[in-house]
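The values are calculated or read from the model by the stated rules, or taken from the named source; none is laboratory data. The shown structure was predicted, so the numbers you read here are calculated from the model rather than taken from an experiment. All Cβ positions, even for glycine, are placed from backbone atoms using ideal geometry, and neighbour counts span all protein chains on display. Side chains are part of the model used for accessible areas, which takes the heavy atoms of the whole protein and leaves out ligands, DNA and RNA. Shrake-Rupley method; radii C 1.70, N 1.55, O 1.52, S 1.80 Å.
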Amino acid sequence: MVPTDVDSFRAADGPPLAAPAGWVERIRPERRRVLVAGDEALGPPALLGPLIDLAHALDLEVAEISLALSADPLGRILVLSVNPVPLLRSAVHVEAMAAHLERKAFQHSRKPIS
């Protein structure tokens with residue numbers, strides 16, 4: 001049964017179906033990609049904590065998060081995608097990933113062998 005406050009339509013010879021809800025978010029054409037590697041990130045300082053938290057919430061050790069600004073007057077920051085296999089687009093990205101892997105290797109070397 002479809003609640004009365006849900007828009008619905010009736011399929012041919014079938015029960016009422018909920019109409020899909022959707023909207024088009026207008027976004028500015030500029031994109032920003034942020035590399036997250038462990039507890040470090042390369043991006044706008046104000047966003048680093050929330051973007052690291054997002055990657056960790058998705059159980060990702062490394063990620064490339066693609067951002068854009070909405071075209072509305074507020075210019076809200078939108079997450080467009082989270083890529084678990086980041087593209088290392090510059091020497092800075094390669095250095096950040098190497099530093100992360102070195103930290104992980106050091107942590108692993110300190111674990112006792114059982």
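Between R26 and L78, the modelled label-to-label distance comes to 1.1 nm, taking each label 7 Å out from Cα in the direction of the beta carbon. Here region 22-114 was treated as a single set of alpha-carbon atoms; its pair distances binned every 5 Å from 0 give 3, 13, 21, 20, 16, 12, 7, 4, 2, 2, 1, 0 percent. Nonpolar atom fraction for region 41-114, defined as the carbon and sulfur part of the 1.4 Å probe accessible area, stands at 65 percent.
Electrostatic bookkeeping for A96 treats Lys and Arg as +1 and Asp and Glu as -1; over the other residues with beta carbon under 15 Å from its beta carbon, the sum is -2.
Solvent-accessible surface of region 43-114, taken per residue with a 1.4 Å probe and all protein chains present: 68 Å².
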